[in-house]
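Participant: Before we start, here is the structure in question, set down as structure tokens.
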Amino acid sequence: MKFIDEVTILVQSGDGGRGCVSFRRERFIPRGGPDGGDGGSGGSVILRATSRKHTLYHLHFNKQFKAPNGGPGQGSQKTGRNGTDIVIDVPAGTLVYNADSGDLLYDLTHADQQVIVARGGRGGVGNLHFKSSTNRAPRFAQPGEPGQTLTLKLELKLMADVGIVGLPNAGKSTLISAISGARPKIADYPFTTLIPNLGVVQPPGGEPMVVADIPGLIEGAHAGSGLGIRFLRHVERTRILVHLIDAAALDENDLLRDYRTINRELTGYSGDLAQKPQIVVLNKLDVDGAERLADLFCRALGGQPVLRISAATRRGLDPLIRHMQQQLNRDETPGG
Ligand SMILES: Nc1nc2c(ncn2[C@@H]2O[C@H](COP(=O)(O)OP(=O)(O)OP(=O)(O)O)[C@@H](O)[C@H]2O)c(=O)[nH]1
Ligand SMILES: [Mg+2]
């Protein structure tokens, strides 16, 4: 399945049905009164956020949604049928823009939130309603109200509690697969992972945390190099970051350089990203010599806390998960 995080769709609500002009016809009552029913309302188009979708892929091929019109009113005071609503499921974290004006219309941040993006037209009133003492036999009814047509641009910004950032090959995908059910591709070359992956970490006795593996961050990403800029926007809606650094490097300068490169990219994209609480984590501590580089790196960073793990051998993962929980509890602002 492809990762689609942007799509443009056309939505059309149904027209309201027209009201009916009709008169009662009964035996022995030569001129019955008006009995024209109202038209039914047109169907609406509704967007609903769901936790079962993680991309906008399903909208990539089917981009037009037209809800049915309301049925016309009928004689004998019968109301026309209402057009059924169309419900379009989207992942939580979907922003809805008017594609023509560029205005942000809605932000569906949590599952089960729903909005009517195109409201069905109201049905017209039948001639029954126009009966009065001065006009006992109205020969008119209202037309139905027309539906709305709108072009919407949907943009997904993943909502995750924790974003794992780091240069290619740092071990982000290895880490997310070690702590959650996510199974992204892992390999010994940069740019293995091409799309962000979400996983749920379930700490024993704690709240589940949604974690995102954000690939593609490289030098110059914020200015458009590679795919990084597309994925930086997913970092925007994570609450805290795990900044993962490959400690199986040649010398401690590599570690510092990698660390600063990622921080520069975050700052370059937006001040908000740079301000997010960050847990600095050195990975691949199972490799010979990594411990020594880690010591030097920590010294260079001053007193800042740095965790040491091996995602491959699972060393240090429990303390890391506890740290993530603590940071999230400290930072209670939802959505980030
Ligand atoms: N020795 C050792 N190797 C590791 C560890 N974690 C990851 N690796 C290896 O490092 C390589 C890169 O790991 P990935 O998890 O694919 O790295 P990534 O950060 O997701 O890389 P991209 O998807 O390319 O951005 C793989 O060969 C992993 O097996 C670790 O703790 N120790
Ligand atoms: Mg990866």
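Computed from the coordinates by the stated procedures, all read-outs in this text should not be read as laboratory data. Not measured: the values here are computed from a predicted model. So basically every Cβ, Gly included, is an ideal-geometry build from the backbone, and we count neighbours across all protein chains shown.
Participant: For the stretch 1-63, run through the chymotrypsin sites (Phe, Trp or Tyr not before Pro) and keep only the ones in DSSP coil with at most 12 other Cβ atoms within 10 Å of their Cβ.
Facilitator: On the way: sites: F3, F23, F28, Y57, F61; in loops: F3, F28, F61.
Listed in order of number, the matching sites are F28, F61.
Participant: Give me the percent relative contact order of the chain, please, defined on Cα pairs under 8 angstrom at least 6 residues apart. Can you show the working numbers first?
Facilitator: Details: 930 pairs, mean separation 52.4, N = 336.
16 percent.
Participant: Let me ask you something else. Putting +1 on Lys and Arg Cβ atoms and -1 on Asp and Glu Cβ atoms, find which of G144, A290, G83 reaches farthest to the positive end of the dipole of the chain.
Facilitator: Towards the positive end, the residue furthest out is G144.
Participant: Related question: Would you list V115, V280 from fewest to most Cβ contacts within 10 Å?
Facilitator: Numbers: V115 14, V280 18.
Sorted ascending by nearby Cβ count, the order is V115, V280.
Participant: Write down Rg/Rh for the stretch 180-246, rounded to two decimals, with Rg from the C-alpha atoms and Rh from the Kirkwood relation over Cα pairs.
Facilitator: Values: Rg = 13.2 Å, Rh = 13.2 Å.
Result for the stretch 180-246 is an Rg/Rh of 0.99.
Participant: Additional query: Ordered by residue, what ³J(HN,Hα) values in Hz, to whole numbers, does the stretch 229-236 give under the Karplus form 6.51 cos²θ - 1.76 cosθ + 1.60, where θ = phi - 60° and Gly and Pro are x?
Facilitator: In residue order, the calculated couplings are 5, 5, 8, 4, 5, 6, 5, 3 Hz.
Participant: Then there is this: Would you order F231, F191 from fewest to most other beta-carbon atoms within 10 Å of each residue's own beta-carbon?
Facilitator: Numbers: F231 25, F191 13.
The most exposed by this proxy come first: F191, F231.
Participant: Across every pair of different alpha-carbon atoms, what Kirkwood hydrodynamic radius in Å does the chain reach?
Facilitator: Working: mean 1/r = 0.0429 Å⁻¹.
By the Kirkwood definition, the hydrodynamic radius is 23.3 Å.
Participant: Amide H of A160: which non-local residues (sequence gap of 5 or more, or other chain) have their own amide H closer than 5 Å, using H built in the peptide plane?
Facilitator: Excluding prolines and chain starts, which carry no amide H, the hits are T238, R239.
Participant: To the nearest 20 debye, what charge dipole does the chain have about its Cα centre, counting +1 at the Cβ of each Lys and Arg and -1 at the Cβ of each Asp and Glu? Spell out each step's value before the answer.
Facilitator: Details: 39 positive and 34 negative charges, 422 e Å.
That gives a dipole near 2020 debye.
Participant: Hey, what do the phi angles of the stretch 128-133 turn into as Karplus ³J(HN,Hα) couplings, whole Hz, using 6.51/-1.76/1.60 and θ = phi - 60°, x for Gly and Pro?
Facilitator: Along the stretch 128-133, the couplings run 3, 6, 9, 6, 8, 5 Hz.
Participant: Same structure, new question: Based on the Kirkwood radius over alpha-carbon pairs, what value in µm²/s does the Stokes-Einstein equation return for the translational diffusion coefficient of the stretch 1-121 at 25 °C and 0.890 mPa s?
Facilitator: On the way: Rh = 16.5 Å.
The estimated diffusion coefficient comes to 149 µm²/s.
Participant: Another question, then. Along the stretch 58-64, what does the Karplus equation 6.51 cos²θ - 1.76 cosθ + 1.60 (θ = phi - 60°) give for ³J(HN,Hα), rounded to whole Hz, x for Gly and Pro?
Facilitator: So the J values, rounded to whole Hz, are 5, 9, 6, 9, 10, 10, 10.
Participant: Continuing with this model, one more query. Where the only charges are on Cβ atoms (+1 Lys, Arg; -1 Asp, Glu), what is the dipole of the stretch 2-150 about its Cα centre, to the nearest 20 debye? The partial results should precede the final answer.
Facilitator: Numbers: 18 positive and 13 negative charges, 221 e Å.
Computed about the Cα centre, the dipole is about 1060 debye.
Participant: As a test of the formula, what do you get for the chain when each DSSP H run with n ≥ 4 contributes -39,500 (n - 2.57) and the sum is divided by the residue count, at 222 nm and rounded to the nearest 500 deg cm²/dmol? Please list the in-between numbers first.
Facilitator: Details: 6 runs with 66 residues, N = 336.
Mean residue ellipticity, 222 nm, calculated: -6000 deg cm²/dmol.
Participant: What residues have an amide H closer than 5 Å to that of K53, excluding those fewer than 5 places away on the same chain, when H is modeled at 1.01 Å from N in the peptide plane?
Facilitator: A92
Participant: How large is the Kirkwood hydrodynamic radius of the stretch 175-328, in angstrom, based on all distinct alpha carbon pairs? Provide the component values of the computation, followed by the final result.
Facilitator: Working: mean 1/r = 0.0622 Å⁻¹.
After inverting the pairwise mean of 1/r, the radius is 16.1 Å.
Participant: Related question: Considering all alpha-carbon pairs of the stretch 1-61, what whole percent are spaced by more than 15 angstrom?
Facilitator: 71
Participant: Give me R119, R136 ranked fewest to most by other Cβ atoms within 10 Å of their Cβ, as a rough exposure proxy. Could the numbers behind the result be given before it?
Facilitator: Working: R119 19, R136 10.
Arranged by neighbour count, lowest to highest, R119, R136 become R136, R119.
Participant: Dipole of the stretch 122-255, Cα-centred, from +1 at each Lys and Arg C-beta and -1 at each Asp and Glu C-beta, to the nearest 20 debye?
Facilitator: 1540
Participant: Please report how many Lys pairs in the chain have alpha carbons closer than 17 angstrom, counting only residues at least 8 apart along the chain or sitting on separate chains.
Facilitator: Within the chain, the lysine pair count is 12.
Participant: Also, quick follow-up: Scaled to the compact-protein estimate 2.2 N^0.38 Å, what is the alpha-carbon radius of gyration of the stretch 248-315, rounded to two decimal places?
Facilitator: Dividing the Cα radius of gyration by 2.2 N^0.38 Å gives 1.17.
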